[in-house]
Amino acid sequence: MPELLPRRRLDQPRAGRRVISIDPDTFGRLSERLARFLGTGKYLFWQTLIVIVWIALNLGAAALRWDPYPFILLNLAFSTQAAYAAPLILLAQNRQDDRDRISLEEDRNRAAQTKADTEYLARELAALRLAIGEVATRDYLRGELDKLREDLNTKRRKQKGNRPAPEPVTGT
């Protein structure tokens, strides 16, 4: 029996179904700015002021009572705000965790490179020390030259001692 419907692969998402395209980075930046604002004293001040005005108007002004005493509309507003604020704050924290993870990885790579450079320099220093041990130093050369000078001086003295004395020069 032939298949009437095309077979869908379950391991791949459906293509072309999105109506609204949202850039994740732009949305993430927006959520971080909002989360930063929700954590400020400025936000708490304005929220407290709005709540006080809301309650005062609903208790004091009989003609303006749009939300009577149990303040159900105010509670609904707070619930809605909390329902949106919590995920936005979590999204901002996840983005910060991603940045921290990248920074930590860069720090690890930098530390590994520094360690490798230090080990290389230590090996080079050790090789230089070994090479310098085989090279004649200035003090060693001075000592050898002093010994040669002493040997030459002793040979000259011996040669002067073996020569016949020069004949005196007499005038005629």
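Output the relative contact order of the chain, whole-number percent, from Cα pairs under 8 angstrom with separation of 6+ residues. Could you put the intermediate results ahead of the total?
On the way: 33 pairs, mean separation 34.1, N = 172.
Relative contact order for the chain comes out at 20 percent.
Would you mind ranking VAL19, VAL51, VAL135 by Cβ crowding within 10 Å, fewest neighbours first?
Ordered from fewest to most neighbouring Cβ atoms within 10 Å, VAL19, VAL51, VAL135 come out as VAL19, VAL135, VAL51.
Roughly how many nanometres apart are two label points built 7 Å out from the Cα toward the Cβ at ASP117 and LEU76?
Those two pseudo-labels are separated by 6.3 nm.
Which lysines, on any chain, are close to LYS160 with Cα under 19 Å apart, when same-chain ones fewer than 8 places away are left out?
The qualifying lysines are none; the list is empty.
Just to check I understand the Karplus step: with θ = phi - 60° and J = 6.51 cos²θ - 1.76 cosθ + 1.60, what whole-Hz values come out for the range 48-57, glycine and proline as x?
With coefficients 6.51, -1.76 and 1.60, one gets 4, 4, 5, 5, 5, 5, 4, 5, 4, 5 Hz.
Can you run phi through the Karplus equation (6.51, -1.76, 1.60; θ = phi - 60°) for the range 98-115 and list ³J(HN,Hα) in whole Hz, with x for Gly and Pro?
Calculated HN-Hα couplings, in order: 4, 5, 5, 5, 5, 4, 5, 5, 5, 5, 4, 4, 5, 5, 5, 5, 5, 5 Hz.
For TRP46, TRP54, what's the fewest-to-most ordering of other Cβ within 10 Å of each Cβ?
Details: TRP46 11, TRP54 16.
The fewest-first ordering by Cβ neighbours comes to TRP46, TRP54.
Residues in the range 86-127 near a label at LEU30, defined as backbone nitrogen under 19 Å from the 7 Å Cα→Cβ point?
Backbone N within reach: 86-96.
Would the range 17-95 count as rounded, prolate or oblate if I go by the C-alpha gyration tensor, calling it rounded below 1.5 in a/c and otherwise prolate when a/b exceeds b/c, oblate otherwise?
prolate
Using the count of nearby Cβ atoms within 10 Å as a rough guide to exposure, how do SER21, SER103 rank from fewest to most? Please list the in-between numbers first.
Numbers: SER21 5, SER103 10.
Starting with the residue having the fewest Cβ neighbours, the order is SER21, SER103.
Setting aside same-chain residues fewer than 8 positions from LYS155, which aspartates and glutamates have a Cα under 16 Å from its Cα?
LYS155 reaches ASP146.
Using a Cα-Cα cut-off of under 17 Å, which lysines could be cross-linked to LYS158, ignoring same-chain neighbours fewer than 8 residues away?
Candidates past the 8-residue exclusion: LYS147.
Which shape class applies to the range 6-145: rounded if a/c is under 1.5, otherwise prolate when a/b exceeds b/c and oblate if not, where a ≥ b ≥ c are the square roots of the Cα gyration tensor eigenvalues?
Numbers: a/c = 7.55, a/b = 2.46, b/c = 3.07.
Oblate.
Assign one of three labels to the range 56-98, namely rounded, prolate or oblate, based on the Cα gyration tensor with a ≥ b ≥ c the square roots of its eigenvalues; rounded applies when a/c is under 1.5, prolate when it is not and a/b is larger than b/c, and oblate otherwise. The partial results should precede the final answer.
Numbers: a/c = 6.51, a/b = 4.46, b/c = 1.46.
The shape class here is prolate.
Along the Cα→Cβ direction, 7 angstrom out, place labels at ASP98 and ARG65. What is the inter-label distance in nm?
About 5.1 nm separates the two model spin labels.
Every read-out reported here was derived from the displayed coordinates using simple, explicitly stated rules and does not represent laboratory data. All figures in this text were calculated on a predicted structure; none of them were measured in a lab. Every residue, glycine among them, receives a Cβ derived from its backbone with ideal geometry; neighbour counts consider all protein chains shown.
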